[in-house]
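Undergrad: Let me begin by handing over the structure; questions about it come next.
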Amino acid sequence: MHTDSHMAVPSSENVIAGWIASHEKELIQTADYIFQHPETAYKETLSSEYLANFLEGQGFRIEKKTAGIATAFTAEWGAGKPILGFLAEYDALPELGHACGHNLLGTGVAAAACALKADMESRRIPGTIRVYGCPAEEIMSGKIVMNECGVFNDLDVAVTWHPFDRNRVSNDIWQAQDIKNYIFHGVSAHASRSPEDGRSALDAAELMNIGVNYLREHVPGDVRMHYAYADNGQPANVVPDYARTNYFIRSAKRSRTDDASLRVDNCAKGAALMTGTSVEIELVASCKEMKVNRVLTELYYQAMTKIPTPVYTDEEIAFAARLTQEAGFPDPGVYFTGLEPLETDPVPISIGTDAAEVSHTVPLVTISAAAMCKGTPLHHWAAAKQAGMSIGQKGMLYAARCMAEGTKLLLEKPENLRRVWDYHKQ
């Protein structure tokens with residue numbers, strides 16, 4: 001579903017909006033290519049290459065394999081300070097494809113960087129723009145590895161966005177998370193003839209999970225602990241000598257996540273002791289909660305108040321209504337709204353991102369833009385449907401302009417960056 005024009009054509013004096021409008025077709029093509037070629041964590045070969053090639057065509061210097069990651073890259077334009085970092089993502093979800101809209105996320109970030117570049121060139125403003133191609137966000141990995149390698153250390157600010165069902169500056173505290181594998185090792189035996197000789201790794205895993213489920217009553221209300229079994233590949237007539245569970249342990253504060261994570265570890269150790277098995281505890285990824293920078297949120301909100309939100313066709317509204325009904329979502333009656341006000345205080349939310357780790361290294365701001373109709377959850381087939389059509393593309397183009405215009409405010413008044421860093425150091 002494509003309309004003849006996604007956004008109103010801006011006046012010629014607005015270089016940022018003009019660049020986005022004049023490159024709309026290429027941007028939609030880029031987002032659509034990534035959508036049509038969904039690639040999961042650390043396998044985003046086509047997606048990262050396509051996005052890097054687009055940026056190279058717009059005058060950016062490209063460095064491949066940033067932080068030693070095959071599907072990461074750094075695209076750079078300009079020289080000197082300030083150094084403005086834009087964080088792109090492009091990984092998909094297994095089975096669901098781009099149900100988190102990362103095809104839009106990466107393309108929108110690239111568009112913002114290019115539009116800002118055009119504005120800086122037109123006004124001869126010095127500085128450096130970097131676009132980081134960041135893989136494997138869905139498994140909480142890419143930016144954490146890159147951050148540990150120091151690739152963001154010299155940035156003056158980091159900027160990104162995420163598709164949601166509403167338009168706002170993200171004032172959200174994304175969760176502090178641990179991702180862990182618990183790998184139990186036992187002794188195999190015939191389950192009928194000699195079960196007494198076996199030590200079941202599966203029993204240990206089940207007992208661990210029972211312990212964690214009892215633990216839920218005795219942790220703070222914002223703590224989340226959820227798990228999945230990995231298939232051990234053995235039939236039911238064999239006492240399994242191997243079992244593995246994958247856990248996400250989260251809260252809005254790193255100290256609470258640390259406490260819950262240790263107690264989950266103890267459940268695993270106790271289960272191993274009860275069953276005569278052993279357990280390996282593998283930390284897959286870990287990050288702090290998002291560090292919200294109030295100076296940045298207010299500046300970018302100021303920019304967003306001057307940018308018109310997308311206008312939707314009757315066809316798009318009808319599509320949103322049908323999708324809401326087919327997915328069984330509560331029908332809000334109104335499927336798209338304008339810019340939401342900036343909240344007075346940060347808002348804890350029950351999801352996480354590896355960008356949170358970067359926010360403790362350098363000041364970071366996140367824009368939220370409606371790339372799906374009201375009530376659509378992420379990681380759902382309905383989100384993927386909209387990420388591949390005009391509803392998602394309109395949100396992407398809007399987010400690109402918001403990121404670029406907000407960053408322009410930082411360039412126009414150097415004291416803004418000083419205030420951002422003063423707040424960050426608190």
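The values are calculated or read from the model by the stated rules, or taken from the named source; none is laboratory data. All figures in this text were calculated on a predicted structure; none of them were measured in a lab. Note that we place each Cβ from the backbone using ideal geometry, even for glycine, and neighbour counts take in every protein chain shown.
Conditions tested, residue by residue: (1) under 24 Å from residue 292 (Cα atoms); (2) assigned by TED's automatic domain parsing to the domain that holds residue 162; (3) in a loop (DSSP other than H, G, I, E, B).
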residue: 335; (1), (2), (3): no, yes, yes
residue: 350; (1), (2), (3): yes, yes, yes
residue: 360; (1), (2), (3): yes, yes, yes
residue: 386; (1), (2), (3): no, yes, no
residue: 406; (1), (2), (3): yes, yes, no
residue: 409; (1), (2), (3): yes, yes, no
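Undergrad: Return the residue satisfying two criteria in turn: it lies in the stretch 374-396 and is in contact with a strand residue (DSSP E or B) (Cβ under 9 Å, 6 or more places away or on another chain) and aliphatic (A, V, I, L, M), and of such residues it is nearest to residue 32 (Cα to Cα).
TA: Going through the stretch 374-396, the residues in contact with a strand residue (DSSP E or B) (Cβ under 9 Å, 6 or more places away or on another chain) turn out to be 376, 378-379, 381, 383-384, 386-388, 391-392, 394-396.
Applying the additional criterion that residues be aliphatic (A, V, I, L, M) yields 378, 383-384, 387, 391, 396.
Numbers: 378: 18, 383: 15, 384: 12, 387: 9, 391: 12, 396: 12 Å.
Step by step, filter the stretch 374-396, then rank; the result is 387.
Undergrad: Hey, residue 422 hits all of (1) charged (D, E, K, R); (2) in contact with a Pro (Cβ under 6 Å, 6 or more places away or on another chain); (3) more than 14 Å from residue 108 (Cβ to Cβ) but one; which does it fall short on?
TA: (2)
Listed here are the residues, each with its yes/no results for (1) among the small types (Gly, Ala, Ser); (2) crowded, with 21+ Cβ neighbours inside 10 Å; (3) outside the structural domain of residue 61 (by TED's automatic domain parsing); (4) assigned to a helix (DSSP H, G or I).
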| residue | (1), (2), (3), (4) |
| --- | --- |
| 81 | no, no, no, no |
| 95 | no, no, no, no |
| 112 | yes, yes, no, yes |
| 115 | yes, yes, no, yes |
| 132 | no, yes, no, no |
| 151 | no, yes, no, no |
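Undergrad: Within the stretch 318-331, how many residues are part of a loop (DSSP other than H, G, I, E, B) and at negative phi?
TA: So the count comes out to 3.
Undergrad: Continuing with this model, one more query. Enumerate the pairs (first residue in the stretch 34-50 and more than 17 Å from residue 131 (Cα to Cα); second residue anywhere and of a type in the set (A, V, I, L, M) and assigned to a loop (DSSP other than H, G, I, E, B)) with beta-carbon separation below 7 Å, excluding pairs fewer than 6 apart on the same chain, so at least 6 apart or on different chains.
TA: Within 7 Å, the pairs are 38/92; 39/92; 40/92; 41/136; 42/136.
Undergrad: I would also like to ask the following. On the given criteria, is residue 263 crowded, with 23+ Cβ neighbours inside 10 Å and modelled with pLDDT of 95 or more? Before the answer, list the steps.
TA: Numbers: crowded, with 23+ Cβ neighbours inside 10 Å: no; modelled with pLDDT of 95 or more: yes.
When the stated conditions are applied, residue 263 does not pass them.
Undergrad: Looking only at the stretch 210-243, how many residues end up being in a helix (DSSP H, G or I) and closer than 19 Å to residue 181 by Cβ? Reasoning before the result, please.
TA: The first filter runs over the stretch 210-243 and keeps only residues in a helix (DSSP H, G or I), leaving 210-218.
Checking the rest, the ones that are also closer than 19 Å to residue 181 by Cβ come to 210-213, 215.
Here the count works out to 5.
Undergrad: Right, here's the next one. Residues of the stretch 299-317 being outside any loop (DSSP other than H, G, I, E, B) and touching a residue at least 60 places away in the same chain (Cβ under 8 Å), which ones? Lay out the reasoning, then the answer.
TA: To start, the set of residues in the stretch 299-317 that are outside any loop (DSSP other than H, G, I, E, B) comprises 299-304, 314-317.
Those that are outside any loop (DSSP other than H, G, I, E, B) and touching a residue at least 60 places away in the same chain (Cβ under 8 Å): 299, 300, 301, 302, 303, 304, 315, 316.
Undergrad: On to the next question. Restricted to the stretch 343-365, and to residues that are closer than 28 Å to residue 333 by Cα and hydroxyl-bearing (Ser, Thr, Tyr), which residue is nearest to the chain's Cα centre (by Cα)?
TA: For the stretch 343-365, the residue satisfying everything is 350.
Undergrad: Do you know which residues across the stretch 33-79 are β-branched (Val, Ile, Thr), out of contact with any helix residue (DSSP H, G or I) (no Cβ under 7 Å at 6 or more places or on another chain) and surrounded by 24 or more Cβ atoms within 10 Å (Cβ to Cβ)?
TA: none
Undergrad: Residue by residue through the stretch 362-384, note down the ones that are in contact with a helix residue (DSSP H, G or I) (Cβ under 8 Å, 6 or more places away or on another chain) and assigned to a helix (DSSP H, G or I).
TA: 381, 382
Undergrad: From 181, 103, 167, grab the single residue that is in contact (Cβ under 8 Å) with a residue 24 or more places away in the chain, over 13 Å from the mean Cα position of the chain (by Cα) and farther than 20 Å from residue 296 by Cα. Talk me through it step by step, then tell me what you get.
TA: Values: 103 fails: over 13 Å from the mean Cα position of the chain (by Cα); 167 fails: farther than 20 Å from residue 296 by Cα.
Of 181, 103, 167, the one residue that is in contact (Cβ under 8 Å) with a residue 24 or more places away in the chain, over 13 Å from the mean Cα position of the chain (by Cα) and farther than 20 Å from residue 296 by Cα is 181.
Undergrad: Hey, among 155, 207, 202, which residue is in a loop (DSSP other than H, G, I, E, B), buried (at least 18 other Cβ atoms within 10 Å of the Cβ) and of a type in the set (A, V, I, L, M, F, W, C)? Reasoning before the result, please.
TA: Numbers: 207 fails: in a loop (DSSP other than H, G, I, E, B); 202 fails: in a loop (DSSP other than H, G, I, E, B).
Result of the check over 155, 207, 202: 155.
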